[in-house]
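Some notes on the structure that comes next.
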Amino acid sequence: MNTALSLAAIAAVCAATALIAINGLRISRTTDDFYVASRTVRPWWNASAIGGEYLSAASFLGVAGLIVLAGQDALWFPIGYTAGYLMLLLFVAAPLRRSGAYTLPDFAQIRLGGRAARTATGALVVVVGWLYIVPQLHGAALALEIAAGAPGWAGAGLVMAVVCVTVLSGGMRSITFVQAFQYWLKVVSLAVPLVFVLLRLGSEGISPTADGAAFGPGPAMMTGFGLYGTISLILALLLGTLGLPHVLVRFYTNPDGPSARRTTVLVVGLLSLFYLFPIAFGILGRTFAADLPGAGTADATVLLVPARVLGGTAGDLLGALVLGGAFASFLSTSSGLVVSVAGVISQGLFHGTVRGFRIATVLSCTVPLLLALASGSNALAGSVGAVFAFTASTLCPLLLLGIWWRGLTSAGAVAGMVTGALACGTALLCAAAFPQLPPPAGELFSRPAAWTVPLAFAVMVGVSRATRARGEEAIDRVMARLHTPER
Amino acid sequence: MTGGEDGPAPADPTPPGPHPPRPLPQQGFTPTDSETPVPPPRVRVTAPAGALPPPRTRAPDPAANFYVRSLVRSQLRLAVSVALGFVVVLVGMALLLALWPDIHGLRLFTVPLPWIALGIGVYPLLVVTAVLFNRAAARNEARYREIARQ
């Protein structure tokens with residue numbers, strides 16, 4: 001790729017992001033502004049912002065990379081990423097908005113009372129948020145390395161620095177505008193190069209699918225997932241979305257329950273539109289970037305295909321456009337996560353002040369950066385899938401049972417979340433430590449959702465049954481609050 | 001850490017101490033009626049850490065609770081049946097692909113059928129399901145509102 005053009009594209013995206021954020025500073029003045037943009041964001045803006053926030057490095061780079069690596073099985077990832085929002089719409093969107101809570105720990109406290117559930121939820125939100133930022137930074141490191149030969153720490157450090165400045169200056173309101181802008185930037189930065197690539201291939205009479213050879217078995221870097229693996233993956237992606245903290249905090253910016261639902265419907269549409277492009281790039285990549293898996297850089301498929309097909313200045317320009325979109329996705333997801341993690345930390349440790357929020361922001365930028373520098377990754381979609389399994393086994397049962405089951409108690413919620421976190425965390429660590437485990441154990445550890453999610457639900461229900469709930473009257477009040485329409 | 005403790009909060013009551021409270025500035029000095037619009041001052045507002053926002057509902061009465069419970073049940077029934085239907089479709093597709101290898105031979109414009117189904121076909125299904133659910137959920141709420149008003 002052309003280094004000067006690439007750096008210019010990255011600089012442009014970073015500058016635009018910072019500019020919008022600093023403009024947002026003028027209208028962002030109170031703690032409410034910082035956290036929830038005063039709940040005045042319209043569904044279209046909000047849906048674009050959710051899309052912008054959600055489409056991370058795993059979607060922008062990882063989906064195409066995984067298609068090159070694993071072929072047809074990789075198609076389950078974007079399906080799961082999108083269908084997760086259907087589950088969110090069905091079970092969570094409107095009640096969560098009506099709960100009136102700022103963050104997930106607030107929800108735990110409103111529903112269950114007492115500090116224990118709040119503290120456990122807060123700790124999990126922070127862990128999930130930090131773990132989810134790490135793959136974004138790996139993506140940034142890879143992108144800057146491919147584009148400009150920069151060392152790994154440069155990309156990760158750049159993204160965290162811009163995010164830190166953006167969040168510090170504007171909080172949630174400006175983040176909403178930034179995110180909405182970035183969704184459309186991401187769509188355009190994949191759609192335009194794709195059109196040019198297909199036009200060029202058409203004019204030269206080259207089949208984009210190599211006459212169907214692109215759909216053959218993969219370059220054998222990765223075996224298929226198997227039936228258990230596929231079902232466990234679907235479960236993790238469907239339910240994991242419910243617990244993603246940066247997604248949940250977005251719902252508080254809707255004015256009421258029905259608008260939260262409308263927003264979610266729009267999000268499902270926007271995501272469906274977006275994923276057509278990475279999938280198409282993945283199929284192209286199986287012909288035009290088939291050498292990348294061997295080099296361990298399959299995730300760079302989207303970045304390299306335009307230059308390889310078009311060549312010359314056109315290829316450089318379009319490659320730079322894709323790179324800009326990739327940086328938009330690192331920035332938007334990371335800043336969304338930083339806002340929600342910082343929100344939780346500042347309420348838990350700093351009494352929710354603006355200054356506390358700023359200290360927490362710096363903290364939640366630094367820790368994942370250190371984690372990212374200390375670890376490596378060569379399949380972004382896979383590492384994000386692990387985070388989904390973790391949230392599906394911890395925060396998802398809390399939300400589903402908390403919203404729909406009157407019998408949930410504080411002790412039950414804590415026990416279920418701790419069990420899910422320990423089981424899923426141990427399994428994932430085992431899978432990372434011993435990658436060569438034989439099939440049954442290996443799959444159970446690397447795709448644990450199919451057994452850790454039911455386990456967490458079972459413990460949550462069992463312990464709740466065995467302990468005393470709050471008074472009936474308190475539960476009646478909370479349930480009415482969550483489920484009755486506003487007017 | 002005590003990050004929020006320094007600097008007096010505007011809303012703080014006067015700290016107890018030997019000094020009398022400072023005299024308020026004279027009326028005429030307040031710059032409230034200047035011509036240029038002044039942005040609202042930056043305030044330190046503490047989030048309601050722990051405090052439940054005031055309940056929106058009236059005092060609990062048995063009849064109201066009964067209606068709420070039936071609303072919750074009908075919304076849950078709707079959500080679970082839509083979710084189950086969708087999961088059955090997804091798992092069915094996974095089973096079909098795993099148990100019927102010949103399907104990979106069926107192609108449309110060089111693209112195998114499983115790639116079309118998984119790469120494109122699922123998404124319209126998702127959007128339609130979402131739109132239909134949203135309507136049904138809003139209908140449930142409208143029915144509740146009608147009953148609750150009586």
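The values are calculated or read from the model by the stated rules, or taken from the named source; none is laboratory data. Just so it is clear, the model here is predicted, and its values are computed rather than measured. Heads up, the Cβs are rebuilt from the backbone with ideal geometry, glycines too, and the neighbour counts pull from every protein chain shown. Calculation scope for accessible area: heavy atoms of the full protein, side chains included, ligands and nucleic acids excluded. Shrake-Rupley method; radii C 1.70, N 1.55, O 1.52, S 1.80 Å.
In the set A:372, A:298, A:289, only one residue is in contact with a Gly (Cβ under 7 Å, 6 or more places away or on another chain), among the hydrophobic types (A, V, I, L, M, F, W, C) and crowded, with 24+ Cβ neighbours inside 10 Å; that residue is A:298. Taken over the range B:69-79, the residue count meeting the criterion of being at the interface with another protein chain (Cβ under 8 Å from one of its Cβ atoms) and either open to solvent by 50 Å² or more (accessible area, probe 1.4 Å) or in contact with a Cys (Cβ under 9 Å, 6 or more places away or on another chain) (or both) is 2. You will find that of A:355, A:286, the residue that is under 28 Å from residue A:447 (Cα atoms) and among the basic types (Lys, Arg) is A:286 and no other. In the range A:98-116, the qualifying residues are those that are open to solvent by 20 Å² or more (accessible area, probe 1.4 Å) and either free of Cβ contacts under 8 Å to residues at least 40 places away in the same chain or outside any loop (DSSP other than H, G, I, E, B) (or both), and the one that is nearest to the other protein chains (Cβ to nearest Cβ) is A:109. The residues listed here are A:435, A:440; of these, the one that is in contact with a helix residue (DSSP H, G or I) (Cβ under 9 Å, 6 or more places away or on another chain), outside any helix (DSSP H, G or I) and away from chain B (no Cβ under 14 Å) is A:435. The residues of the range A:117-147 that are buried (at least 22 other Cβ atoms within 10 Å of the Cβ) and within 14 Å of chain B (Cβ to nearest Cβ), listed by number, are A:117, A:118, A:121, A:122. For the criterion of being open to solvent by 20 Å² or more (accessible area, probe 1.4 Å) and either over 17 Å from residue A:14 (Cα atoms) or out of contact with any strand residue (DSSP E or B) (no Cβ under 9 Å at 6 or more places or on another chain) (or both), residue A:151 passes. Screening residue A:299 on (1) closer than 30 Å to residue B:135 by Cα; (2) within 23 Å of the chain's Cα centre (by Cα) shows it passes everything except condition (1). Taken over the range A:66-93, residues that are under 22 Å from residue B:81 (Cβ atoms) and facing chain B (nearest Cβ under 7 Å) amount to 8.
Kindly evaluate residue A:425 against the criterion of being away from every other protein chain (no Cβ under 14 Å), without any contact (Cβ under 8 Å) to a residue 12 or more places away in the chain and either touching a helix residue (DSSP H, G or I) at 6+ places or on another chain (Cβ under 9 Å) or not aliphatic (A, V, I, L, M) (or both). The answer is no for residue A:425.
Results for (1) within 8 Å of chain A (Cβ to nearest Cβ); (2) out of contact with any Leu (no Cβ under 9 Å at 6 or more places or on another chain); (3) in a helix (DSSP H, G or I), shown as yes or no for each residue.
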| position | (1), (2), (3) |
| --- | --- |
| B:116 | no, no, yes |
| B:123 | yes, no, yes |
| B:126 | yes, no, yes |
| B:130 | yes, no, yes |
| B:133 | yes, no, yes |
| B:137 | yes, no, yes |
| B:140 | no, no, yes |
| B:145 | yes, yes, yes |
